[in-house]
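Peer 1: First, the structure itself, so that you have it in front of you.
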Amino acid sequence: MKIIVCIKQVPGTNEVKLDPATNTIIRDNIASIINPFDTYAIEEAVRIKEKMGAEIYGLSMGIPSSQEMLREAISLKVDKAMLLTDRKFAGADTLATSYALSLGIQKIGDYDLIICGKQAIDGDTAQVGPSLAKTLGIAYITDVSKIIEIKDNIMHCLKITDDGYEELKVKLPALISVVKEINMPRLPSIKGMKHARQAKIEIVTFADTDANENKLGLKGSPTKVRKTFVPTHEINSEIIEGTTEEKVNRLAEVLNSKAIRKGM
Amino acid sequence: MASIDIIKEQCIGCKKCVGACPFGAIEIIGKKAEIKDNCTLCGVCVESCKFNAINFEFDVVENVDISNYEGIFVFAEQRYGKLKTVSLELIGKAKSLAQELNTSVTAVLLGHSIDNLSKELIAYGADKVLVMDAPWLNDFNDHVYGEVMVKLIKDYKPEIVLIGATSNGRSLAPHISSSLRTGLTADCTVLDIDKEERLLLQTRPAFGGNLMATIVCENHRPQMSTVRPKVFKPLEPDYSREGIINILPIPTPVERFVEKIKNIDNNETISLADADIIVSVGKGIGSAKNIQLAKDLADVLGGALGASRSVVDSGWIPYSQQIGQTGKTVAPKIYIACGISGAIQHIAGLADIETIVAINIDPDAPIFKVAHYGIVGDCREILPMLIKKIK
Ligand SMILES: Cc1cc2nc3c(=O)[nH]c(=O)nc-3n(C[C@H](O)[C@H](O)[C@H](O)COP(=O)(O)OP(=O)(O)OC[C@H]3O[C@@H](n4cnc5c(N)ncnc54)[C@H](O)[C@@H]3O)c2cc1C
Ligand SMILES: Nc1ncnc2c1ncn2[C@@H]1O[C@H](COP(=O)(O)O)[C@@H](O)[C@H]1O
């Protein structure tokens, strides 16, 4: 089996803080991390490999420093990694990103399964997975919370929805995006980290592809950011004081006045 | 391709652009701005510069003839004959957008045995309903629904397509936008019209809600957004309203790539997505057993039970109830956080909530910064008293 995992480098939001003076996000010294959802994608690929044998490719589009992130993926038992990096890829929205990733995937070729994270925590769009599947012309299932079985080229899985779960079946090749519930990612081993340091990351630039420039980067992106702003959260806070009894009474009063309860 | 340069002679190193850049891609080096590698060429910085020191060249994009497109489509999501509330919210919003554009709102209804829903859609503001009713449309399916929508959009050429940001909507929309090679903005919370340019201004949170971005789709049609449930209010239904119901001929069934074996519905009577009140528990609740206290409060209030990630990771509550960046985004009217510290990743899941109540033993817990009402105290003691009082 050949599995491709799409991995994005994102700013570690643990540290997102607002500068009170300028009201902008403080970005100094924010470490870049593997998009948290993609760590579940990597882990799931590794579990399939351990169960039934597979070769895992890590694929990313991003700035040159994303190589380090791909190295981290290798330390987590991803076999090979490819980075699409070029100024011509920059400024891509989800449509252009999907196109660029599809170029990498065609280079890797002959895949059975593509695994994405549910969404990237910087843009929060959850669009690249389905859009990529559509670009490649393959089936997709989003929000997969469990792979039940892969047998004779058919995958059974659970998808989490607003109403509960759905048990679904799909013929491979297909693309899935995974949620956190699917597994608990492992930490890299010392051996894995050593191996990753020497591993070769394949770098793909525009010139290495036969891409249509009009579909890439800013040019290939139908959506444009017109402006950005920091939302204001001005709220009236009331810390309810008093004895425990008094606090509870006041809170009950608040809830009674705000809650629209059945039969009241 | 587009390019960006700093005109060094004009730059005075004022740092305005540094603050404006959503990607942290500008640095001041030796009193001059420098564009770093992680610039995405979004162009946001250009306006921030008062000294015209940023030279940004946009691409000339091939022009799609956008004047052929008119009207607003709303995907009327339903499940086994019941409309999702967000679809009605979207029709109400579409109605006001359509007024500004001087055009009409069409609801697109796909499914099986759904005839009674058309009247409801008209009562809530749709001018026209396109109905496709066939057994093979009974179950939602990304590919099948996607292909049908693509065909309808090609035939009717709406300028705007709105889809609820439900789990199905967010999975379906990229299929449609990619097929049509148009733009799609995810999970919008504000929609406006730029009348002059006849453009939809789509505003959405990014970076876990720390930043808002307004996005436009200038040269491609339709302009597509998924829209977060509960941000817009549906209109008062008026069953005497008149509208056109257009029953569409049924095409040959679309081939299914993904087959549904079964639904496993939540036995929770109220889902987190629909709940007006959510009682949510954090690690401070102390034990799996104590969760019953919060459950009881949710029950008396007619609400749903949510949880922080720590509680989910401890196995006390299933992941389907996790709220936050790696869980669900919720928008109830009232959110009661019991023993939740209020980490930024948790707060990221709280969207536009009218009233947040926090009960926490630690007066310095960050949750109090976002709470409208706070009680410093032990939730294990307060919850039982509160339930008694409310009962
Ligand atoms: C990439 C990433 C994604 C994440 N995604 C999410 C997410 O989606 N959702 C999420 O929730 N978290 C998420 N987290 C985790 C998040 O950072 C916090 O660790 C988590 O929200 C903390 O949960 P908590 O508030 O229940 O626990 P704690 O931080 O342990 O807080 C417990 C609180 O309870 C209070 N307390 C203790 N005893 C009592 C008592 N008897 N009565 C009242 N109060 C009491 C304490 O003062 C404390 O404030 C994410 C983290 C990362 C790194
Ligand atoms: N630049 C990228 N490189 C590799 N994978 C990506 C990239 N952008 C998005 N993805 C994948 O698509 C998923 C959804 O991303 P998004 O649609 O941006 O929320 C991520 O979890 C990744 O698996």
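Every number here is computed from the coordinates shown, using simple stated rules; none is lab data. Note that the coordinates shown come from a computational prediction; the quantities given were computed from them, not determined experimentally. Every residue, glycine among them, receives a Cβ derived from its backbone with ideal geometry; neighbour counts consider all protein chains shown.
Peer 1: Using a 10 Å cut-off around each Cβ, can you sort B:Phe56, A:Phe37 from fewest to most neighbouring Cβ atoms?
Peer 2: The most exposed by this proxy come first: B:Phe56, A:Phe37.
Peer 1: Quantify how strongly other chains surround peptide A:119-129 by giving the mean number of their Cβ atoms within 10 Å of each of its Cβ atoms. Write down the numbers at each step before the final one.
Peer 2: Details: counts 5, 1, 7, 6, 6, 11, 9, 9, 12, 1, 2.
Counting Cβ atoms of other protein chains within 10 Å of each residue's Cβ and averaging gives 6.
Peer 1: Which far-off residues, 5 or more places away or on another chain, put their amide H under 5 Å from the one on B:Gly349, with H placed in the peptide plane?
Peer 2: Those qualifying (amide H under 5 Å, at least 5 residues apart or on another chain) are B:Gly324, B:Gln325.
Peer 1: Same structure, new question: So, in region A:191-242, how many Lys pairs have Cα atoms under 25 Å apart, if the pair is 8 or more places apart or on different chains?
Peer 2: Pairs that pass both the separation and distance tests number 4.
Peer 1: Given the C-alpha centroids of region A:113-180 and region B:276-340, what is the distance between them in whole angstrom?
Peer 2: Cα centroid of region A:113-180 versus Cα centroid of region B:276-340: 27 Å apart.
Peer 1: Once the Cα gyration tensor of chain B is found, what semi-axes does its equivalent ellipsoid get, as square roots of 5 times the eigenvalues, in whole Å, sorted largest first?
Peer 2: 37, 35, 18
Peer 1: What's the center-to-center distance, using Cα atoms, between region B:129-159 and region B:186-202 in Å?
Peer 2: The distance from the Cα centre of region B:129-159 to that of region B:186-202 comes to 24 Å.
Peer 1: May I ask you to order B:216-225, B:362-371 by the average number of other C-beta atoms within 10 Å around their residues, highest value first?
Peer 2: Most protected by this proxy first, the peptides run B:216-225, B:362-371.
Peer 1: So what are region B:66-263's ellipsoid semi-axes, whole angstrom, largest first, if each one is the square root of 5 times an eigenvalue of the alpha-carbon gyration tensor?
Peer 2: Working: eigenvalues 117, 78, 56 Å².
With the √(5λ) rule applied to region B:66-263, the semi-axes are 24, 20, 17 Å.
Peer 1: Please give the helix A:66-75 orientation as an angle from the longest Cα principal axis of chain A, in degrees from 0 to 90, rounded to the nearest 10.
Peer 2: 80 degrees
Peer 1: Taking just the C-alpha trace of region B:268-390, give me its Rg and Dmax in Å.
Peer 2: Rg, Dmax (Cα atoms, Å): 12.5, 35.
Peer 1: Can you pull the semi-axes for chain A, root of five times each eigenvalue of the Cα gyration tensor, sorted largest first, whole Å?
Peer 2: Square roots of five times the eigenvalues give 38, 25, 20 Å.
Peer 1: Turning to a different aspect of this structure: If you rank B:Ile247, B:Ile344 by fewest surrounding Cβ atoms within 10 Å, what's the result?
Peer 2: Fewest-to-most ranking of B:Ile247, B:Ile344: B:Ile247, B:Ile344.
Peer 1: Taking each residue in A:242-248, count the Cβ atoms of any other chain within 10 Å of its Cβ, then average. What number comes out?
Peer 2: Shielding by partners across A:242-248 averages 4.
Peer 1: Sorting A:Val170, B:Val376, B:Val281 on the 10 Å Cβ count, fewest up front, what's the list?
Peer 2: Ranked by crowding around the Cβ, least crowded first: B:Val376, A:Val170, B:Val281.
Peer 1: Given the DSSP H assignment, sum -39500 (n - 2.57) over each helix run of at least 4 residues in chain A and divide by its residue total; what's the result at 222 nm in deg cm²/dmol, nearest 500?
Peer 2: Computed ellipticity for chain A at 222 nm equals -9000 deg cm²/dmol.
Peer 1: Follow-up question, since we're still on this one. Take region A:60-198, drop everything but the C-alpha atoms, weight them equally and run the Debye formula without solvent; then report log10 I(q)/I(0) at 0.11, 0.20 Å⁻¹ to two decimals.
Peer 2: Cα-only, vacuum Debye calculation for region A:60-198: -0.45, -1.39.
Peer 1: Need the list of aspartates and glutamates near B:Lys260 for cross-linking: C-alpha distance under 14 angstrom, and skip anything on the same chain fewer than eight residues off.
Peer 2: Partners within reach: A:Glu166, A:Glu167, B:Asp139, B:Asp142.
Peer 1: Additional query: So what is the relative contact order for chain A, in percent, with contacts set as C-alpha pairs under 8 Å and at least six apart?
Peer 2: This gives 22 percent for chain A.
Peer 1: Oh, and also: Could you please report the charge total around B:Val279, scoring K, R as +1 and D, E as -1 over all other residues with beta-carbon less than 10 angstrom from its beta-carbon?
Peer 2: With Lys, Arg at +1 and Asp, Glu at -1, the net is -1.
Peer 1: Return the average number of partner chain Cβ atoms within 10 angstrom of each residue Cβ along peptide B:16-22.
Peer 2: Average neighbour count from other chains, rounded to a whole number: 4.
Peer 1: Still on this model: Quick query: amide H of B:Ala337 versus all other amide H atoms, modeled in the peptide plane; which residues come in under 5 Å with a sequence gap of 5 or more or a different chain?
Peer 2: Placed amide hydrogens put B:Ser280, B:Val357, B:Ala358, B:Ile359 under 5 Å from B:Ala337.
Peer 1: Please report the orientation-averaged projected area of region B:116-219, defined via the convex hull of its C-alpha atoms, in nm².
Peer 2: Numbers: hull surface 32.3 nm².
Averaged projected area of region B:116-219's Cα convex hull equals 8.1 nm².
Peer 1: Specify the angular offset, from 0 to 90 degrees and rounded to the nearest 10, of the alpha carbon long axis of helix A:36-52 from the longest principal axis of the alpha carbons in chain A.
Peer 2: Result, in degrees: 50.
Peer 1: Just the Cα atoms of region A:154-202, one point each, no solvent: what log10 I(q)/I(0) does Debye give at q = 0.16, 0.25, 0.26, 0.29 Å⁻¹?
Peer 2: One equal scatterer on each Cα of region A:154-202 leads to -0.72, -0.96, -1.00, -1.12.
Peer 1: Show me, for region B:70-84, the HN-Hα J-couplings you get by feeding each phi into the Karplus relation (A = 6.51, B = -1.76, C = 1.60, θ = phi - 60°), rounded to Hz, glycine and proline as x.
Peer 2: Per-residue couplings from phi come out as 8, x, 10, 9, 10, 6, 8, 6, 9, 10, 6, x, 10, 6, 6 Hz.
Peer 1: What is the pair-distance distribution P(r) of the protein assembly as shown, computed from all Cα-Cα distances in 20 Å bins starting at 0, with each bin given as a whole percent?
Peer 2: Pair shares across the bins are 18, 52, 29, 1.
Peer 1: Could you give P(r) for region B:3-57, binned at 5 Å from zero, as whole percent values over all Cα-Cα pairs?
Peer 2: For region B:3-57, the pair-distance distribution reads 4, 24, 39, 26, 7.
Peer 1: Would you mind putting A:138-148, B:250-260 in packing order, based on average other-beta-carbon counts within 10 Å, highest first?
Peer 2: A:138-148, B:250-260
Peer 1: Check which residues have an amide H placed less than 5 Å from A:Ser177's amide H, if you skip close sequence neighbours.
Peer 2: A:Cys116, A:Ile141, A:Thr142, A:Asp143, A:Val144
Peer 1: Can you report the principal axis dimensions of region A:134-183 using only the alpha carbons, biggest first, rounded to whole angstrom?
Peer 2: Cα extents, longest axis first: 27, 25, 19 Å.
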